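The values are calculated or read from the model by the stated rules, or taken from the named source; none is laboratory data. The structure presented is a predicted model; accordingly, all values stated were derived computationally and were not measured. When we count neighbours, we look across all protein chains shown, and the Cβ atoms used for this are built from the backbone with ideal geometry, even at glycine.
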Amino acid sequence: MDAVGLATLGRKEAYLARQLNRWNKQWQASKMHEIPEMEASSALLMERMPLQVGASIVHGDFRLGNMIVTNDRVQAILDWELCTLGDPLADLGYLLNNWLGADEVEGVDEGDQPPTAVGGYPSRDRLCELYSSRTGRDLSNINYYRAFQHWRLAAIGQGVYKRYLVGAMGEDHGVDLTRQKDGVARRAEAAMDLLRIG
């Protein structure tokens, strides 16, 4: 990072603490109803926060939908507006949450299904094996990062939901607000489920 002039992109240290602080504030500012799993997962994420080992660019929306892939190789990564410096395992947690197999997309609208849903991609476990072997990073705590990303997206989703409700987003253009609200709860529940696994 430093060698290519990105040292000042953001703070490198305490990525998770910064993110938890930021999105807890967002959640409190936009909360319109109680979601017990949101509060519980937030507390567990603070309590179990792993020590950050090293730092890298963190994309913030790292998934196949933001990549150009040709001949089984990633040629480009798009949509960098959320990037900062911090813990690279945060991006891996996000990627894994979006790495759904064909057997996991029941009830997911076709337009919301990730590219991996068509099949032919390695499993999450295999993806983790590849990542660990190429980076040397310990992934024994990867469910924490997956839970963090579900919780983070719940906080973001609640902010979007509230902005639609108060008219700050303009016309809703057919946005299903019940689905948006339910999506926040589903993310919070997914975070808790992963934190229970450990």
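Numbers at a glance
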quantity: Single condition Ala43 does not satisfy, out of (1) within 14 Å of Arg152 (Cα to Cα); (2) in contact with a strand residue (DSSP E or B) (Cβ under 7 Å, 6 or more places away or on another chain); calculated: (2)
quantity: Qualifying residue in segment 140-157 (condition: within 19 Å of Asp87 (Cα to Cα) and more than 19 Å from the chain's Cα centre (by Cα)); calculated: no
quantity: Matching residues, segment 119-132, being under 18 Å from the mean Cα position of the chain (by Cα) and either under 16 Å from Gly65 (Cα atoms) or aliphatic (A, V, I, L, M) (or both); calculated: Leu127
quantity: Tally, over segment 44-56, of residues that are exposed (fewer than 12 other Cβ atoms within 10 Å of the Cβ) and part of a helix (DSSP H, G or I); calculated: 1
quantity: Lone qualifier among Thr116, Thr135 - being within 20 Å of Asp72 (Cβ to Cβ), β-branched (Val, Ile, Thr), under 19 Å from the mean Cα position of the chain (by Cα) and surrounded by 14 or more Cβ atoms within 10 Å (Cβ to Cβ); calculated: Thr116
quantity: Number of the condition not met by Gln52 [criteria: (1) touching a Lys or Arg at 6+ places or on another chain (Cβ under 8 Å); (2) at pLDDT below 95]; calculated: (1)
quantity: Qualifying residue in segment 143-157 (condition: without any contact (Cβ under 8 Å) to a residue 24 or more places away in the chain, surrounded by fewer than 18 Cβ atoms within 10 Å (Cβ to Cβ) and aliphatic (A, V, I, L, M)); calculated: no
quantity: Residue match in segment 118-128 (condition: out of contact with any helix residue (DSSP H, G or I) (no Cβ under 9 Å at 6 or more places or on another chain) and of a type in the set (Asp, Glu)); calculated: yes
quantity: Hey, Arg179 touching a helix residue (DSSP H, G or I) at 6+ places or on another chain (Cβ under 7 Å) and of a type in the set (Lys, Arg) or not; calculated: no
quantity: Selection from segment 6-32 of residues that are in a loop (DSSP other than H, G, I, E, B) and either free of Cβ contacts under 8 Å to residues at least 40 places away in the same chain or closer than 14 Å to Gly86 by Cα (or both); calculated: Leu6, Ala7, Thr8, Leu9, Gly10, Arg11, Lys12, Glu13, Ala14
